[in-house]
Amino acid sequence: MPAPHLGSAMLDRVPSWIEWEHLALAALVWALLTAASLAIVLRITLALPEDYFELEQPPLTSWTASRVARNGTGMVLIVVGAALSIPGVPGQGVLTILVGLFLVDFPRRQQLERALARRAGVLPALNRLRARFGRAPLRPPAQRNDPR
């Protein structure tokens, strides 16, 4: 008697209400959302000046339509990044959160951005993206006890 195919044993455990069309649609939506979030992360990362983490930016006071849209986009990226940070979910969660924070205005934003940029692997990943497109690397933020 031939050995049962491993794939058929797995398929026997799939609930009967899940159709292949549903799985294909879910995979397509996942792929589109992943590609879109990576495209937004890339666009924003490439637009940053190389001294972004060194500059002190004054707080903005007026709310314009573009500022509202930028903040909304940032909030969406933060939520998507949090979802991508869940173990088992593929994607660049911390990078997506960091880029979302670049867009959202709130008190102490610069300190949070710099703390995330200091995390192992975050700044090198941003700089690899920038290098691939011929941009200068982002300079690392000063350490907390540096006099800069």
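The values are calculated or read from the model by the stated rules, or taken from the named source; none is laboratory data. Predicted model only: the values in this text are computed from it and were never measured. Cβ atoms come from the backbone with ideal geometry, glycine included; neighbour counts cover every protein chain shown.
Per-structure values
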read-out	value
Residue under evaluation L46, criteria (1) of a type in the set (A, V, I, L, M, F, W, C); (2) touching a residue at least 12 places away in the same chain (Cβ under 8 Å); (3) surrounded by fewer than 11 Cβ atoms within 10 Å (Cβ to Cβ), criterion not met	(3)
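Table: residues versus (1) loosely packed, with under 10 Cβ neighbours inside 10 Å; (2) part of a helix (DSSP H, G or I); (3) not β-branched (V, I, T).
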residue	(1), (2), (3)
S62	yes, no, yes
V68	no, yes, no
I78	no, yes, no
A83	no, yes, yes
I86	yes, no, no
L95	no, yes, yes
G100	no, yes, yes
L138	no, no, yes
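Yes/no per residue for (1) at pLDDT below 85; (2) farther than 20 Å from R114 by Cα; (3) of a type in the set (S, T, Y); (4) not in a helix (DSSP H, G or I):
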| site | (1), (2), (3), (4) |
| --- | --- |
| M1 | yes, yes, no, yes |
| A26 | yes, yes, no, no |
| P59 | yes, no, no, yes |
| N71 | no, no, no, no |
| G91 | yes, yes, no, yes |
